[in-house]
Every structure is written in structure tokens, then in C-alpha cells.
1. Give all pairs with beta carbons closer than 7 Å in which a residue from the range 50-78 that is without any contact (Cβ under 8 Å) to a residue 24 or more places away in the chain and among the hydrophobic types (A, V, I, L, M, F, W, C) meets a residue that is part of a loop (DSSP other than H, G, I, E, B) and open to solvent by 100 Å² or more (accessible area, probe 1.4 Å); count only pairs at least 6 apart in sequence or on separate chains.
2. Has the range 73-80 got any residue that is farther than 30 Å from Ser139 by Cα, part of a loop (DSSP other than H, G, I, E, B), open to solvent by 90 Å² or more (accessible area, probe 1.4 Å) and modelled with pLDDT under 90?
3. Which residues, counting only those in the range 119-136, are within 19 Å of Val148 (Cβ to Cβ), of a type outside the set (Ser, Thr, Tyr) and open to solvent by less than 100 Å² (accessible area, probe 1.4 Å)?
4. When Asn102 is evaluated against the numbered criteria (1) free of Cβ contacts under 8 Å to residues at least 12 places away in the same chain; (2) under 27 Å from the mean Cα position of the chain (by Cα); (3) farther than 27 Å from Thr75 by Cα; (4) open to solvent by 100 Å² or more (accessible area, probe 1.4 Å), which criterion, by number, is the only one it fails?
5. Taking the conditions exactly as written (open to solvent by 100 Å² or more (accessible area, probe 1.4 Å) and at pLDDT 90 or above), does Asn7 satisfy them or not?
6. Condition first: closer than 29 Å to Asn23 by Cβ and more than 18 Å from the chain's Cα centre (by Cα). Now tell me which residues in the range 64-87 satisfy that.
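The values are calculated or read from the model by the stated rules, or taken from the named source; none is laboratory data. Please read these numbers as outputs of a predicted model, since none were measured by experiment. Here Cβ is always computed from backbone atoms with ideal geometry, including for glycine, and neighbour counts include all displayed protein chains. Just so you know, the surface numbers come from the protein's heavy atoms only, side chains and all, with ligands and any DNA or RNA stripped out. Shrake-Rupley method; radii C 1.70, N 1.55, O 1.52, S 1.80 Å.
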Amino acid sequence: ADSNNDNAISGTLYVATGDANGNSGDLVLSTGQSVDGKAGSIIFSLGESGSGEGSDYLINAGNSTSATGGMVKVTSGSGLATTSGAIILSTAAAGTKGVSGNFSIFSGQATSGNSGAIMLSTGTGVLHGAGSIHLSVGSGRTGEGGNVKISAGTMSSGTGGNVGMVGG
């Protein structure tokens, strides 16, 4: 769009593979390898909103009408001789007014079976100890501190879930 026009709206960019009776094609975004340096990054960035809410960034795996839906998998890079990369998921800090965004993890609803589990687990330490899991609430300056709440599931008919804690 013409950036000199106050009423201009930029266009939409579509990148897609074609439909098929069999498997449709893959969409691959990749940077080249680096022999003596760092390989290039792939950056997805949304523009800043001037007066409205910020834009959303959505990642959706494929649906299936007759089999299991697609998976969303995020894996950090391996360090073949050293440490693997970190994965950091966070909401942004709030401005001078308001609160920072919530961080929510949910499994989907199920009609005829159990809903999906949420598992937090560290890897096995083959030659050394395994990593820890830390649940902590941030510090504040005034008012009440945040809470840590662990609740088992309730049932409309049947037995509710348990909360179990076992030391090593």
C-alpha cells in the first residue's frame, strides 16, 4: 500500500501449497547451514498497532475428519558437543498501567473419553542428576502475594481426582 495515503491498508500475503486428492505438499522455511559461524535465524514478527490492540500470532496444526489431528511440536536445537538450546515462553511486561498478560496451558475438551493430560517432566540424567522443576510466584511490592494452587478434578458422578506428592 501507499504509505503516504492516510487511509491506506496494506495487503494480505498468502503462502500456501495446493489442494490434492492425496497428501498436499509441505511448506518448508529453512535457512542455510553455516560452516564456521552461526546459521541464520527465522523471524516472524507482527507490526506494532498504533491505536488498536496488538495483532495475534496463531499456530494451528491441521484438523482431520477421520484420524488424529496434527501435532504442534517445538524443539530447541541440540548441542552435539555441549548444551542444547532453551525454550522460553513468556508474556510481555505490562506498561505503566495495566497488568502483564496471563499465561495459560489447557488441554482440549473431550466428549466420549478423557481429556488430554498436561505433563511437566525433566529429562533423565544419564551420567548425572536429572533437572529440577520449579514452581514459584513472583515477588511484589505492596498488597498480597500471589498464590500457588493445585486442584484435582471434580466429577459430577464418580470419584474426584487425587493430589499426590512423592519424594525421590
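1. What qualifies is Ala61/Met71; Val72/Ile59.
2. So far as the range 73-80 goes, yes, one or more of its residues are farther than 30 Å from Ser139 by Cα, part of a loop (DSSP other than H, G, I, E, B), open to solvent by 90 Å² or more (accessible area, probe 1.4 Å) and modelled with pLDDT under 90.
3. The answer is Ile133, and nothing else.
4. With respect to (1) free of Cβ contacts under 8 Å to residues at least 12 places away in the same chain; (2) under 27 Å from the mean Cα position of the chain (by Cα); (3) farther than 27 Å from Thr75 by Cα; (4) open to solvent by 100 Å² or more (accessible area, probe 1.4 Å), Asn102 is out only on (3).
5. Details: open to solvent by 100 Å² or more (accessible area, probe 1.4 Å): yes; at pLDDT 90 or above: no.
Taking the combined requirement at face value, the residue does not satisfy it.
6. Matches in the range 64-87: Ser64, Thr65, Ser66, Ala67, Thr68, Ser78.
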